[in-house]
């Protein structure tokens, strides 16, 4: 059985965010990932896609967001790419400081960092920002056995 892979290209409209979350969570179900972990990863992807649409592409429906999901061993790897001008994640205000607690936005990166094991940002001139998120999974016995057979 081939491990699930997902590749989506969506226009920068917020109504597309839920579609991406559903697709990623459906792929995780195929891997027998528990519901709570599937939801956490799906939520991190949802936040990443919403940020790409709003901040990266400036809500321009002619600009695309690409999402790639794959399994590499026992690790889920998700890439989210926008067509924006890039940004420095170090310049994002801390949403937990008192002056930012009541702001209506700014928690997406915090949520992604809480739910994923690793997050990296890269920018390619004239091609946008790529966010890479990784999450290690405890594979079920059947999935581990299947992976060992494939490696032999």
Practice task
Find how much the distance from residue 14 to residue 124 grows on full extension, using 0.36 nm per residue of separation minus their present alpha carbon separation; answer in nm with one decimal.
Solution key: 37.2 nm
Handout entry: Backbone N within the stretch 44-75 under 12 Å of label point (7 Å from residue 22 Cα along the Cβ vector)
Key = none
Practice task
At 7 Å along the Cα-to-beta-carbon direction for both residue 30 and residue 59, put a label point, then send me their distance in nm to one decimal.
Solution key: 3.5 nm
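We did not get these values from a lab; they are worked out from the coordinates using the rules stated. All of these numbers come straight from a predicted model, not from anything done at the bench. Virtual Cβ from ideal backbone geometry, glycine too; neighbours counted across all protein chains shown.
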